[in-house]
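Engineer: Sending over a structure as C-alpha cells; questions will come in a sec.
The values are calculated or read from the model by the stated rules, or taken from the named source; none is laboratory data. Note that this is a predicted model, so its numbers are computed, not measured. Please note: Cβ atoms are built from the backbone with ideal geometry, for glycine as well, and neighbour counts cover all protein chains shown. With ligands, DNA and RNA removed, areas are computed over all heavy atoms of the protein, side chains included. Shrake-Rupley method; radii C 1.70, N 1.55, O 1.52, S 1.80 Å.
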Amino acid sequence: MITTQPAAWRRAAVLAALMLAAFTFNTAENLPVGLLDVIAGGLGVSLSAVGFLVTGYGVTVAVASLPLAHLTRAVPRRHVLAGLLATLVVSSLVAALSTSYWPLLAARLLTALAQALFWAVMGPVAVGLFRPEVRGRVVGALSVAGSLALVLGVPAGTWLGRQSAWPVPVALLAALGLVCLATIGALLPTSRPEEGHAAYGTTPDARRFATVLAAGALSATGAFAGYTYLVTFLGEVGGFSQAAVSVLFMVFGIACLAGVSVTGAFLDRFPLAALVTAVATQAVGMLGLCAAGAHPPAAVLFLVLTGAALGPVFMATQHAMLRCAPGRTDLALAANSGAYNAGIAAGAALGGLLLPLAGVRAAFLAGGLLTAAACTVLVGERLLPRNGAGPATRRTGRTPPQP
C-alpha cells in the first residue's frame with residue numbers, strides 16, 4: 001500500500017490531465033459524425049465507409065477492453081497511461097496526414113485500442129490519488145470531462161473542420177494528447193498496479209458485479225437503439241425542421257452534461273439510488289418520446305430526460321465497479337466498458353433492423369423497454385436474499401470495509 005501521497009498540486013494536475021485525456025478520447029471517437037460528408041468528399045469514399053470509422057471504433061473498444069487490461073495488469077499505471085497517450089498522439093497524427101481511407105481507418109482503430117485500455121486504468125488511478133470518501137466526485141469530474149466532448153469538443157471540431165479541412169481538428173487532438181502525456185509522465189508517481197485503495201473493490205460482490213454489468217449493457221442497447229436514429233425521429237415524428245434538430249442536439253448534450261454533474265454530487269452518498277434513478281429516467285424519457293413525441297413540447301421534455309440520463313448511467317456503473325469488483329478494479333472497469341460498448345453496437349443494429357419494419361417509433365419503444373428491463377434487473381437483485389460472504393471475498397482473503 002502506498003503510504004505517501006503526492007502533493008495536492010500534483011494530484012490536481014494529474015486529475016486535470018486525465019480529464020483532458022477523457023475529453024480528447026471521446027472527441028476523437030465521435031468527431032467523424034460531424035464531418036461525415038467532408039471526410040467522404042476529401043477521400044473519395046461513401047458516407048457508409050466513413051460511418052464505419054465510428055462503428056468500427058466502438059466495436060474495437062468493446063472487444064479489446066478486457067484482454068488489454070488483463071495483458072497489462074502487472075505494468076505500473078504511469079507507464080501504461082504514458083504509452084496510451086503516446087499512442088493517441090501518434091495515431092491522431094497519422095490520421096491527420098492520411099490521404100486515403102485505409103490509413104485513416106488503421107489510425108482510428110489504433111486510437112480505439114488505446115481508448116479501450118484508458119477507461120480501464122484511468123478510474124483507479126484518479127480515485128487512488130484522493131480520499132476514498134470523495135471517489136464519487138472524482139468519477140463525476142472525469143465523466144463531466146468526457147461529456148464535454150459531445151457538448152463542446154465535437155461541435156468545435158466540426159466547425160473547425162468545415163472552416164478549414166477535416167485533418168485540422170484531428171491534428172489538434174494530437175496536440176491535446178501531447179499535453180496530457182507530458183503532465184502524466186512528469187507528475188504521476190510510479191507504483192505497482194495493485195497498490196492503493198482503488199486497486200480492489202471496497203465491497204467485493206460477484207453477484208452485484210454481474211448485475212451491474214448486465215444492467216449497463218441492457219441500458220446501452222436500449223439507449224442507442226433510439227439515439228442512433230434521433231435525427232430521423234425528430235424530423236419524421238416530431239416534425240422539427242433541420243435547424244431545430246441541430247438546436248435540439250445541443251440541448252441533448254447540455255442535458256447530458258447537467259445530468260452527469262448532478263449525479264456526481266450524489267454518487268458517494270447514494271450509489272445505488274443514483275444508478276437506479278439514471279436508468280429509470282432513461283426508460284421514462286425513451287418511452288415518453290415513443291408515446292408523445294409527435295407533440296413538440298412533450299418531445300423536448302422527454303428528450304431532455306433521455307439526455308440527462310445517458311451520461312450518468314455509464315458513470316454510475318463505473319462507480320459501482322469500484323465498489324463491487326470481485327477482483328482488481330481495472331479488470332472490472334474494462335469488462336464494464338466492453339459490455340457497454342457492445343450494447344452500443346447492438347442497440348444501433350437493433351434500431352436499424354426495426355426502422356424499415358416498424359418505423360422509428362418502434363426503435364424508441366424497444367429501447368425504452370430494454371432500459372426498463374435493466375432497471376428491473378438492478379432492483380430485483382437487491383430484493384434477492386444473500387447467503388453470507390461472496391466467492392470474491394473468500395478467494396482474495398480480504399475482509400472488505402463496511403460501506
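Engineer: Quick check: is even one residue across segment 203-217 surrounded by fewer than 23 Cβ atoms within 10 Å (Cβ to Cβ) and among the basic types (Lys, Arg)?
Structural biologist: Yes, that holds for at least one residue.
Engineer: Any idea how many residues of segment 341-351 are farther than 18 Å from ALA22 by Cα and either in contact with an Asp or Glu (Cβ under 7 Å, 6 or more places away or on another chain) or open to solvent by 10 Å² or more (accessible area, probe 1.4 Å) (or both)?
Structural biologist: 7
Here is a yes/no grid of residues against (1) among the polar types (S, T, N, Q); (2) open to solvent by 40 Å² or more (accessible area, probe 1.4 Å); (3) within 27 Å of GLY146 (Cα to Cα); (4) out of contact with any Asp or Glu (no Cβ under 9 Å at 6 or more places or on another chain):
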site: PHE302; (1), (2), (3), (4): no, yes, yes, yes
site: ALA320; (1), (2), (3), (4): no, no, yes, yes
site: ARG323; (1), (2), (3), (4): no, yes, yes, no
site: LEU357; (1), (2), (3), (4): no, yes, no, yes
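Engineer: To continue, here is another question. So, PRO271, is that one over 21 Å from the mean Cα position of the chain (by Cα) and touching a residue at least 12 places away in the same chain (Cβ under 8 Å) or not?
Structural biologist: Values: over 21 Å from the mean Cα position of the chain (by Cα): no; touching a residue at least 12 places away in the same chain (Cβ under 8 Å): yes.
Here the answer is no, as PRO271 does not meet what is asked.
Engineer: If you don't mind, another one. Can you tell me which residue within segment 61-82, out of those that are among the hydrophobic types (A, V, I, L, M, F, W, C) and outside any helix (DSSP H, G or I), is surrounded by the fewest Cβ atoms within 10 Å (Cβ to Cβ)? Walk me through how you get there before you give the answer.
Structural biologist: In the first step, residues of segment 61-82 are kept if they are among the hydrophobic types (A, V, I, L, M, F, W, C); the result is 61-64, 66, 68-69, 71, 74-75, 80-82.
Pick out the ones that are also outside any helix (DSSP H, G or I) and you get 74-75.
Values: ALA74: 8, VAL75: 13.
Checking each candidate, the answer is ALA74.
Engineer: Condition first: open to solvent by 50 Å² or more (accessible area, probe 1.4 Å), in a helix (DSSP H, G or I) and over 21 Å from ALA372 (Cα atoms). Now tell me which residues in segment 259-277 satisfy that.
Structural biologist: Matches in segment 259-277: SER261, VAL262, ALA265, PHE266.
Engineer: Same structure again: Is it the case that some residue within segment 116-136 is among the aliphatic types (A, V, I, L, M) and open to solvent by 50 Å² or more (accessible area, probe 1.4 Å)? Walk me through it before giving the result.
Structural biologist: First pass over segment 116-136, keeping only residues among the aliphatic types (A, V, I, L, M): 116-117, 120-122, 125-127, 129, 134.
After this cut, where a residue has to be open to solvent by 50 Å² or more (accessible area, probe 1.4 Å) as well, the list is none.
The answer is no; no qualifying residue exists.
Engineer: Report, by residue number, each residue of segment 278-297 that is within 11 Å of GLY368 (Cβ to Cβ) and surrounded by fewer than 16 Cβ atoms within 10 Å (Cβ to Cβ).
Structural biologist: Hit for segment 278-297 is ALA291, nothing else.
Engineer: Within segment 155-170, how many residues turn out to be surrounded by 24 or more Cβ atoms within 10 Å (Cβ to Cβ) and part of a helix (DSSP H, G or I)? Outline the logic, then answer.
Structural biologist: Kept after step one, since they are surrounded by 24 or more Cβ atoms within 10 Å (Cβ to Cβ), are these residues of segment 155-170: 157, 166, 169-170.
Add one more test, that the residue is part of a helix (DSSP H, G or I), and what stays is 157, 169-170.
Within segment 155-170, residues that are surrounded by 24 or more Cβ atoms within 10 Å (Cβ to Cβ) and part of a helix (DSSP H, G or I) number 3.
Engineer: Being in contact with a Pro (Cβ under 9 Å, 6 or more places away or on another chain), in contact (Cβ under 8 Å) with a residue 60 or more places away in the chain and not small (Gly, Ala, Ser): is that true of THR317 here?
Structural biologist: When the stated conditions are applied, THR317 does not pass them.
Engineer: Still on this model: Look through segment 83-97, keep the residues that are out of contact with any Phe, Trp or Tyr (no Cβ under 6 Å at 6 or more places or on another chain) and open to solvent by less than 30 Å² (accessible area, probe 1.4 Å), and return whichever of them is farthest from ASN341 (Cα to Cα).
Structural biologist: ALA96
Engineer: Going by what's in this entry, would GLY338 be described as open to solvent by less than 30 Å² (accessible area, probe 1.4 Å) and closer than 14 Å to TYR229 by Cβ?
Structural biologist: Against the criterion (open to solvent by less than 30 Å² (accessible area, probe 1.4 Å) and closer than 14 Å to TYR229 by Cβ), GLY338 does not qualify.
Engineer: Moving on to the next point. Applying the selection to segment 31-60, what residues are more than 11 Å from LEU105 (Cβ to Cβ), assigned to a loop (DSSP other than H, G, I, E, B) and either among the aromatic types (Phe, Trp, Tyr) or open to solvent by 20 Å² or more (accessible area, probe 1.4 Å) (or both)?
Structural biologist: Across segment 31-60, the qualifying residues are GLY44, SER46.
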